[in-house]
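K.L.:
Supplied in structure tokens, the structure appears directly below.
The values are calculated or read from the model by the stated rules, or taken from the named source; none is laboratory data. Note that the structure is a prediction, hence the values are computed from the model and not measured. Positions of Cβ are backbone-derived with ideal geometry, glycine not excepted, and every protein chain shown enters the neighbour counts. We work out accessible area using only protein heavy atoms, side chains counted, and drop any ligands, DNA or RNA first. Shrake-Rupley method; radii C 1.70, N 1.55, O 1.52, S 1.80 Å.
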Amino acid sequence: MTLGERLEELLEERELTQRQIAKDLHIVPSTLNGYIKGHRQPDHETIIRMAEYFEVSTDYLLGVTNLRRASQEIQDAREGNLLGIYRSLQPENQDLLMEQAHFYQRYDAKQKEQKKKKQ
């Protein structure tokens, strides 16, 4: 997703107008509209203010990740990447991914059990 698409989505979720957000962020409404339409790009400080305003990460706003907030529970980038992939999938594909994950979980448990028996 682009920055504009993210902004539009966040506006809709919070049922806010572009005019209200522009006022809250101290920017001209036409400038915000330019960000949403992709005609303009905000500077770093504005991106940070928007992220704080919407309580999301700058990476989320910029489309780097689908995770809205960096979670303290995420142990590393690979785990975060997996979570981002899962969240981006359609529900039926999320189910398929979970089935595969359970398969590997059972496989690992069997491997550990066999290793214990050998000791």
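K.L.:
Using the beta-carbon distance between residue 94 and residue 49 and R0 = 25 Å, what value does 1/(1 + (r/R0)^6) give for FRET efficiency, to the nearest 0.05?
P.N.:
Step by step, r from the Cβ atoms, then E = 0.15.
K.L.:
For residue 39, what accessible area in Å² do you get when you roll a 1.4 Å probe over the heavy atoms of the protein chains, rounding to the nearest 10?
P.N.:
My reading of the accessible area for residue 39 is about 150 Å².
K.L.:
Once phi is turned into θ = phi - 60°, what whole-Hz ³J(HN,Hα) does the Karplus curve with 6.51, -1.76 and 1.60 give for every residue of the stretch 79-91, x standing for Gly and Pro?
P.N.:
Running phi through 6.51 cos²θ - 1.76 cosθ + 1.60 with θ = phi - 60° gives 5, x, 4, 4, 4, x, 4, 4, 5, 7, 7, 5, x Hz.
K.L.:
How far apart, in nanometres, would the label points at residue 113 and residue 1 be if each is projected 7 angstrom from Cα along the Cα-to-Cβ direction?
P.N.:
Computed distance between label sites residue 113 and residue 1 equals 4.2 nm.
K.L.:
What percent do you get for the relative contact order of the chain when only Cα pairs under 8 Å and 6+ apart count?
P.N.:
19 percent
K.L.:
In the chain, with Lys and Arg counted as +1 and Asp and Glu as -1 at Cβ, which of these residues, 26, 57, 16, has the Cα nearest the positive end of the dipole, that is, farthest along it?
P.N.:
After comparing all options, I get 57.
K.L.:
With unit charges on the beta carbons (Lys and Arg positive, Asp and Glu negative) and the dipole taken about the Cα centre of the chain, which residue among 102, 66, 1 sits farthest to the positive side?
P.N.:
Among 102, 66, 1, the one farthest towards the positive end of the dipole of the chain is 102.
K.L.:
Please give the charge dipole size of the chain, origin at the Cα centre, charges +1 on K and R Cβ atoms and -1 on D and E Cβ atoms. Round to the nearest 20 debye.
P.N.:
Charge dipole of the chain: 720 debye, to the nearest 20.
K.L.:
Between 27, 48, 85, which gets the highest mean-square fluctuation from a Gaussian network model of the chain, Cα cutoff 10 Å?
P.N.:
Comparing 27, 48, 85 in the GNM, the peak value goes to 27.
K.L.:
Write down, largest first, the equivalent ellipsoid semi-axes of the stretch 11-76 in whole Å, where each equals the square root of 5 times an eigenvalue of the alpha-carbon gyration tensor. Intermediate results must be reported in sequence, preceding the final value.
P.N.:
On the way: eigenvalues 109, 33, 22 Å².
Rounded to whole Å, the semi-axes are 23, 13, 10.
K.L.:
Using 1/(1 + (r/R0)^6) with R0 = 35 angstrom and r between the beta carbons of residue 17 and residue 87, what's the FRET efficiency to the nearest 0.05?
P.N.:
Working: r = 28 Å, r/R0 = 0.79.
Working from the Cβ atoms, E equals 0.80.
K.L.:
Then there's this: Over the chain, what percent of the accessible surface lies on carbon and sulfur atoms, probe 1.4 Å? Kindly include the intermediate steps, with their values, before the conclusion.
P.N.:
Values: 4510 of 9290 Å².
Accessible surface attributable to carbon and sulfur in the chain totals 48 percent.
K.L.:
Mind pulling the angle between the C-alpha long axis of helix 44-54 and the longest principal axis of the chain? Nearest 10 degrees, somewhere in 0 to 90.
P.N.:
Approximately 70 degrees, to the nearest ten.
K.L.:
Given a 1.4 angstrom probe, what's the average accessible area per residue across the stretch 27-89, in square angstrom?
P.N.:
Values: 4340 Å² over 63 residues.
Per-residue value: 69 Å².
K.L.:
Tell me, what HN-Hα J-couplings in whole Hz come from the Karplus equation 6.51 cos²θ - 1.76 cosθ + 1.60 at θ = phi - 60° for each residue of the stretch 3-14, using x for Gly and Pro?
P.N.:
After applying 6.51 cos²θ - 1.76 cosθ + 1.60, I find 4, x, 5, 4, 4, 4, 4, 5, 4, 5, 4, 8 Hz.
K.L.:
For the chain, what does -39500 (n - 2.57) per DSSP helix run (n ≥ 4), summed and divided by total residues, give at 222 nm, in deg cm²/dmol to the nearest 500?
P.N.:
Result for the chain: -22000 deg cm²/dmol, rounded to the nearest 500.
K.L.:
Taking the structure as given and computing P(r) over Cα pairs in 10 Å bins from 0, in percent, which label from (i) 12, 21, 17, 17, 15, 11, 6, 1; (ii) 12, 33, 23, 16, 8, 6, 2, 0; (iii) 15, 54, 31, 1 fits?
P.N.:
It is the value labelled (ii).
K.L.:
Pick from 91, 42, 29: which residue has the top mean-square fluctuation in a GNM of the chain where Cα pairs under 10 Å get a spring?
P.N.:
91
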